[in-house]
Amino acid sequence: MNEAFRILETSRTLYSKLLENYSLEQLNTIPEGFSNNLIWNAGHVIASQQKLIYALSGLPMKISDEFFEKYRNGSHPDAAATQAEVDEIKQLLLSTAAQVKADYQNHVFQNFNEYQTQTGFYLANLEEAILFNNYHEGIHLGMMLTIRKFI
């Protein structure tokens, strides 16, 4: 799993660097034809990782319920993110990646509830959830790279 965590850390660093290059207004811009923006995508990967890895393992997520509801699967930006929210997302991008790696290495995860994603992926165990999470984050990084062309 070391490779999977290395990919996660690289992905999250890319997200963090991408957010640094845009103003608050640009991060909140939803281009025509899109249903979300740069900052929502970054928040969404955090919320999704927490659900896929912690919640499905029967453990508390490392984010607030409010954060999860705002960025969970099926949500869309309902208001512009504040600078404080952007700062929180930047911090969570790196801290949640480090935390899941440490928790995995420390054998914190003892259970996993099998799960079928809305896109049809069947996750039978924690390792599959970690691998799927990396795939999912790659999709959203691609969305962000596309969105940035229109802002």
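The values are calculated or read from the model by the stated rules, or taken from the named source; none is laboratory data. All of these numbers come straight from a predicted model, not from anything done at the bench. Counting neighbours? That spans all protein chains shown, and the Cβs are built from the backbone with ideal geometry, glycine included.
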Search result, residues across the range 61-94 that are in contact (Cβ under 8 Å) with a residue 24 or more places away in the chain and either aromatic (Phe, Trp, Tyr) or within 20 Å of Ser11 (Cβ to Cβ) (or both): Lys62, Ile63, Phe67, Tyr71, Arg72, Asn73, Val86, Ile89, Lys90, Leu92, Leu93, Leu94
Residues within the range 93-108 that are under 19 Å from the mean Cα position of the chain (by Cα) and either surrounded by 15 or more Cβ atoms within 10 Å (Cβ to Cβ) or of a type in the set (S, T, N, Q) (or both), tallied: 9
Identity of the residue in the range 123-134, part of a helix (DSSP H, G or I) and touching a residue at least 12 places away in the same chain (Cβ under 8 Å), that ends up surrounded by the most Cβ atoms within 10 Å (Cβ to Cβ): Ala129
Some residue of the range 101-109 being out of contact with any Cys (no Cβ under 9 Å at 6 or more places or on another chain), under 18 Å from Arg6 (Cα atoms) and aromatic (Phe, Trp, Tyr): yes
Scope the range 26-63; condition farther than 23 Å from Met1 by Cβ and in a loop (DSSP other than H, G, I, E, B); matching residues: Thr29, Ile30, Pro31, Glu32, Gly33, Phe34, Ser35, Asn36, Asn37
Cβ-Cβ under 8 Å pairs, at least 6 apart or on other chains, the range 3-24 side at pLDDT 95 or above and surrounded by 13 or more Cβ atoms within 10 Å (Cβ to Cβ), far side assigned to a helix (DSSP H, G or I) and acidic (Asp, Glu): Ala4/Glu127; Leu8/Glu137; Ser11/Glu137; Arg12/Glu137; Tyr15/Glu137
Thr10 under 12 Å from the mean Cα position of the chain (by Cα), among the hydroxyl-bearing types (Ser, Thr, Tyr) and under 20 Å from Gly138 (Cβ atoms): no
Any chance Asp103 is charged (D, E, K, R) and in a helix (DSSP H, G or I): yes
Qualifying residue in the range 64-83 (condition: under 17 Å from Gln50 (Cα atoms), in a loop (DSSP other than H, G, I, E, B) and touching a Ser or Thr at 6+ places or on another chain (Cβ under 8 Å)): yes
Members of the range 17-69 found to be farther than 20 Å from Glu137 by Cα and among the acidic types (Asp, Glu), listed by number: Glu25, Glu32, Asp65, Glu66
Unique residue being over 24 Å from Glu128 (Cα atoms) and aliphatic (A, V, I, L, M) when the list is Ala42, Ala55, Ala80, Ala47: Ala80
